[in-house]
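No lab work stands behind these numbers, since they all come straight from the coordinates. Every value quoted in this text rests on a predicted model; they were computed, and no experiment measured them. Virtual Cβ from ideal backbone geometry, glycine too; neighbours counted across all protein chains shown.
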Amino acid sequence: MKGVNIMEKNDISFSIDKTKFNFRVACIIEKDGVVLLHKKKQDDFWNLLGGRLKCMETCEEAIKRELKEELGATCDNVKLISVCENYFEFGGSDFHEMLVLYKVQLTAGIDNENIEDKIEIKWFNKDELDNIEIKPEFVKKLLLNGEDNFEWIVNNEIDNENK
């Protein structure tokens, strides 16, 4: 297909001209009133742990794989809490992302020796969340207000009128 660039083998992620599409999973990890967030070391914002779905992988399999890859951790009590059509700009590209959000419980502690070199992780008290930048922006509200009811969210951080 002309103008299409597959980003990484097996990832459900591709580019069409200057727009990138991702199918991503992420999770809320909360313990004793604190939440775990991560960021790439070069970024100035935090986000939920997760990553791209691979072809022929379920979303639940993907979140478990990502936690193993990023933290050396395992999880259970995987609960679907939200699906988001997420539109945003990053690195000079517009992104169209399908984001599936879960809440999970870690079954084993984080293996600090297995944390990916390119990321930083940190536990935050909920009262600290107002003082940090979290992407996507709606995640902060979700973390502060809880996630009792399943939601389908459309999060558009791109000003379409100026495009």
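Stretching the chain fully between ASP17 and VAL154 yields a gain of 47.0 nm (0.36 nm per residue, less the alpha carbon separation).
Hey, in the GNM for the chain with a 10 angstrom Cα cutoff, which one of SER15, SER93, SER82 fluctuates hardest? Checking each option, the largest mean-square fluctuation is seen for SER93.
Assuming a viscosity of 1.306 mPa s and a temperature of 10 °C, what translational diffusion coefficient in µm² per second does Stokes-Einstein assign to region 51-163, Rh being the Kirkwood radius over Cα pairs? Walk me through the intermediate numbers first.
Details: Rh = 16.0 Å.
It diffuses with D of about 99 µm²/s by this estimate.
In summary, the aspartates and glutamates within cross-link reach of LYS79, defined as a Cα separation below 14 angstrom excluding same-chain residues under 8 places away, comprise GLU30, GLU60, GLU61, GLU147, ASP148, GLU151. Pairs exceeding 29 Å between alpha-carbon atoms, taken from LYS18/LYS41; LYS18/LYS122; LYS54/LYS126; LYS41/LYS103; LYS41/LYS64: LYS18/LYS122; LYS54/LYS126.
Here each label is just a point 7 Å from Cα along the line to Cβ, and for GLU85 and ASP117 those points are 4.1 nm apart. Note on the chain: antiparallel DSSP beta bridges, both residues inside, total approximately 65 percent of the bridges counted.
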